[in-house]
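Student: Below is one structure. I have some questions about it.
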Amino acid sequence: MTLQDKPDLFNTADYKEFLARINQVKADTKPLWGKMSASQMFAHCKEVQEACNGKALKNTPFFVKLFKGFIKKSVLNDKSYPKGSPTHKQYIINDEKEFDIEKEKFLKSLSFFVDTRGSVYHTLFGEMSEKERSWTVYKHHNHHLEQFGV
């Protein structure tokens, strides 16, 4: 499947469908795998979203930077993320969060993403096209929506 054939969050219908799925997650929704609560998942997704919006990644280990080309290819490919995939330290959320606050922060960051089309420089992957950005965001957040059964 090419980037042109994948769900595109800059497409209004795809975005509305994605928002409907997000809104199915409730504070008491339990994950099908993993340890995160729904509020932690939204806080985690917000951090990933902000990196795709252009926020700098902090404390990226040197060896990760060495493999950034390989990592970018795995992010952009068609394979779903495996359960328990390694996570950048900046994205790990250990403390409990307030569900409504974290969901709103995530939705605000996602809305900013959709409103600012075009390419963006990602601090690990470099310049990313609009289609690459959309697929990166969709694939990551879809993984967590599936984790929570939606």
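Readers should treat all values here as calculations from the given coordinates under stated rules, not as data from a laboratory. Please read these numbers as outputs of a predicted model, since none were measured by experiment. Neighbour counts are summed over all protein chains in view; Cβ atoms, including those assigned to glycine, are modelled from backbone coordinates with ideal geometry.
Student: Place +1 on the Cβ of every Lys and Arg and -1 on the Cβ of every Asp and Glu in the chain, take the dipole about the Cα centre, and give the residue among Leu110, Asn142, Phe125 whose Cα lies farthest towards its positive end.
Tutor: Farthest towards the positive end: Phe125.
Student: For Thr123 and Lys6, what is the calculated FRET efficiency with R₀ set at 25 Å and r taken between the beta-carbons, to the nearest 0.05? Mind showing how you got there, number by number?
Tutor: On the way: r = 23 Å, r/R0 = 0.93.
About 0.60, to the nearest 0.05.
Student: Modelled label-to-label distance, Ser74 and Glu130, 7 Å Cα→beta-carbon offset: nm?
Tutor: Label at Ser74, label at Glu130, 3.0 nm between them.
Student: Counting other beta carbons within 10 Å of each Cβ, put Glu146, Glu17, Glu102, Glu127 in order, fewest first.
Tutor: Values: Glu146 16, Glu17 12, Glu102 22, Glu127 9.
Ordered from fewest to most neighbouring Cβ atoms within 10 Å, Glu146, Glu17, Glu102, Glu127 come out as Glu127, Glu17, Glu146, Glu102.
Student: If the cut-off is 24 Å between C-alpha atoms, which lysines fall inside it for Lys26, apart from same-chain ones fewer than 8 positions away?
Tutor: Result set, ordered by chain and number: Lys16, Lys35, Lys46, Lys83, Lys97, Lys103, Lys105, Lys108, Lys139.
Student: Separate question: What are the ³J(HN,Hα) couplings of the stretch 129-146, residue after residue, when phi is run through the Karplus curve with 6.51, -1.76, 1.60 and θ = phi - 60°? Round to Hz, x for glycine and proline.
Tutor: 5, 4, 5, 5, 4, 4, 5, 4, 5, 4, 4, 5, 5, 4, 3, 6, 5, 5
Student: Quick check on packing: order 134-145, 4-15 by the mean number of other C-beta atoms within 10 Å, highest mean leading.
Tutor: On the way: 134-145: 19.9, 4-15: 13.8.
Answer by packing, highest mean first, reads 134-145, 4-15.
Student: When the helix-only estimate is applied to the chain (DSSP H runs of n ≥ 4, each -39,500 (n - 2.57), divided by the residue count), what is the mean residue ellipticity at 222 nm, nearest 500 deg cm²/dmol?
Tutor: The per-residue figure over the chain is -15500 deg cm²/dmol.
Student: Express in % the proportion of alpha carbon pairs of the chain at distances exceeding 19 Å.
Tutor: Pairs farther apart than 19 Å: 51 percent.
Student: Starting from the amide H of Val120, placed 1.01 Å from N in the peptide plane, find each other amide H under 5 Å away whose residue is 5 or more places distant or on another chain.
Tutor: Placed amide hydrogens put Met128 under 5 Å from Val120.
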